[in-house]
Each structure stands twice: as structure tokens, then as C-alpha cells.
Ligand code: URA
């Protein structure tokens, strides 16, 4: 295998393949005369190396320029750009909207009539990222499909992976207490994660895993149409808000995500390790309660507190 072949380049290639797959183009071949053809044609063996040979020049735009038989990708006779710079400059307008569709939160016209059932069925027995190899169960999300309040965590842990439900372990029990302190029941809110499969050893999800999974979360959020989204922890906050800043810089502040108000607070697992941060989280949750019109819980009398 070519040692210069970078993982991001492969990811980009994979993204293109997925994109074509979405367009209904399921097979690709190149002819030996020098033009590349994409379409629903019978696949032919790669010119060099076979299917698993990632040193095949078609994976690399720079190699492609130097290798005469490697084709420029085309669709419907329109040449597609082969590098990011070129893609930004030269993408034909008729393809621009397809290749760079607006995110759900940028478009004024999110898909109508989407239901969580449709989204779940589209997700299927997902193998879009490597997490599928080690997961036990997909954790889609749970709760009220019309919730005003959505909580988004990072990804399933061991208990969630075994049960197929988000936030059912120790951190989940604390989240349930937080929800109940807001005067709600768990079934009244919706709970989901940035990724739906457990990352091995509970590591943070990686960029490619988030990229594969987030579209489903965004569709879920659009289908639910909550007033408020609470991001639990930095992975949720950074990915939903599109920032790499540390959560401590923007925790407790309001952001707008296409009509939904978003606030980031600390993850319940962090609170298990740092109980002193519970007050900060409670302050954030009360801000969410104010938006949702939830009454603050009655103050306990000193006799009740004792
Ligand atoms: N932590 C998360 O971020 N999500 C879960 O579902 C469980 C623990």
C-alpha cells in the first residue's frame, strides 16, 4: 500500500462514494482508454492491484494528474473536481447544491413529515463507520418524539450499549435526577447522543464517526422540533455548535440553532467526578426551565431540608 495515502484522503473518497450511492449510482468503472465512467454499470476489476489495493491511483488526485489512464470523475457528463481547492472553485452550480447541501440548520426548508421511525429505518443496521464493528446495540435515542426539550450526550457507554438506550448507567441516573429536578419526567424529554454506537473503551468519538452519525441526529432534532437543546459535555456542545473551543468558554450561554435554543452544560459523568460543578449545571438547567416556562421547584422549608 502506498504509505503516502492519507486517512483523510480515504475518508474524502469514502464520502464521495456515499454521496454517489445516495444519488443511486452504485457502481464505478474505468475504461482502459483513459476516461473514467461512473454509473450503474457492471464493475470491472481495477487496473492495478485489485479491489483492496489502496495504492490504486484513483484514490489520489495528485497521482491522478500524473497518471494518464486515471480518469476525471464525471456525472451526467459533468466533470467533477478532484481536489478540495478545485471543488471550492470549480464545482458547476447545478452540482453545488447536491455536493454541499445546506445543513438542516441552515436550510429554511427542512424535510417535512420526517418521523423518528423513518429516520430509524434509514439508519438500519448501520455500518457507516468503524464503531459498528465493536458495538453491541445501536442506541438511537429515546423519549417524547415531540419533546420541547432534547438532551444530547456524547455516545453510549457499556450499559447503554447493552440495553440500546441512552443514559441508563450511573451518569444516566444522575441525568434522570436532573430532569426530575426540572419538574419533568424522562419520558417527557428526548435523549440522544452525538454517536449512536459505543466507542471502544469509552473513548471520545472520532471525527469520521461523528461525521457519519451526526446527520441522523440532526434529522432527529429537526423531526422533534424542540424549543431547547441541552448539550451535555464538550463533545456534544462542540459538535452541535461547530466549535473547538473548550466548553468552559461558552457553558451556560444561549445559541440559536435554526429556531431551537441551545445551551451547553457539563456532562453528568463529569458531575460524578466533580460534584462541586452541580451548582453550575443547575443554574444552566434553570435557564432552560425559564425558556420552557417551567416553574422553579418549591423551596424546601428548613424542616423538610433536615
Ligand atoms: N454518556 C453519554 O454521553 N451518553 C450516554 O448515553 C451515556 C453516557
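The residues of region 251-266 that are touching a residue at least 24 places away in the same chain (Cβ under 8 Å) and in contact with a strand residue (DSSP E or B) (Cβ under 9 Å, 6 or more places away or on another chain), listed by number, are 251, 252, 254, 257, 260, 261, 262, 263, 264, 265, 266. Scanning region 227-250 for residues that are more than 16 Å from the ligand (Cβ to nearest atom) and touching a residue at least 24 places away in the same chain (Cβ under 8 Å) turns up 227, 228.
Checked against (1) within 16 Å of the ligand (Cβ to nearest atom); (2) within 13 Å of the chain's Cα centre (by Cα), residue 208 passes all but a single condition, namely (1).
For region 140-165, name all the residues that are under 17 Å from residue 224 (Cα atoms) and within 6 Å of the ligand (Cβ to nearest atom).
Of all residues in region 140-165, those under 17 Å from residue 224 (Cα atoms) come to 140-153.
Answer for region 140-165, where residues must be under 17 Å from residue 224 (Cα atoms) and within 6 Å of the ligand (Cβ to nearest atom): just 153.
Screening residue 168 with (1) within 13 Å of the ligand (Cβ to nearest atom); (2) in contact with a strand residue (DSSP E or B) (Cβ under 8 Å, 6 or more places away or on another chain); (3) farther than 20 Å from residue 117 by Cβ gives one miss only, at (2). Beta carbons closer than 8 Å, at least 6 apart along the sequence or on distinct chains, pair a first residue in region 268-283 that is touching a residue at least 24 places away in the same chain (Cβ under 8 Å) with a second that is away from the ligand (no atom under 15 Å from the Cβ) for 270/277; 271/277; 271/278; 280/251; 280/252; 282/181; 283/252. If you go through region 200-234 and keep only what is over 29 Å from residue 113 (Cα atoms) and surrounded by 21 or more Cβ atoms within 10 Å (Cβ to Cβ), you end up with 205, 233, 234.
Every number here is computed from the coordinates shown, using simple stated rules; none is lab data. Just so you know, these numbers come straight off a predicted model, no measurement behind them. Cβ atoms come from the backbone with ideal geometry, glycine included; neighbour counts cover every protein chain shown.
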